[in-house]
């Protein structure tokens with residue numbers, strides 16, 4: 001058994017609206033002189049440390065956990081899982 005650190009990134013699918021990202025861009029960035037910013041998309045980031053038999057098993061466990069616990073909605077979100085730099 002080893003300990004693995006994985007990063008989970010949950011983003012809205014490209015076709016899904018992102019009102020939070022739009023607000024950040026318009027109300028914070030554009031109002032403060034950063035007009036060259038053309039798009040902002042928000043999401044969630046989780047850094048999870050798990051014990052597993054292998055890197056692949058750790059990834060499977062984290063994906064299953066995120067899906068079972070509804071950390072993301074597969075209809076509107078993309079969930080990416082990768083090994084983190086330690």
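Okay, here's what the table says:
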quantity	calculated
Boolean, residue 34 is assigned to a loop (DSSP other than H, G, I, E, B) and touching a helix residue (DSSP H, G or I) at 6+ places or on another chain (Cβ under 7 Å)	no
Meets criteria (without any contact (Cβ under 8 Å) to a residue 40 or more places away in the chain, surrounded by 15 or more Cβ atoms within 10 Å (Cβ to Cβ) and in contact with a helix residue (DSSP H, G or I) (Cβ under 8 Å, 6 or more places away or on another chain)) for residue 8	no
Among (1) more than 15 Å from the chain's Cα centre (by Cα); (2) modelled with pLDDT under 95 - the single one residue 54 does not satisfy	(2)
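The values are calculated or read from the model by the stated rules, or taken from the named source; none is laboratory data. Note that this is a predicted model, so its numbers are computed, not measured. Ideal geometry is used to build each Cβ from the backbone, glycine not excepted, and the neighbour counts take in all protein chains shown.
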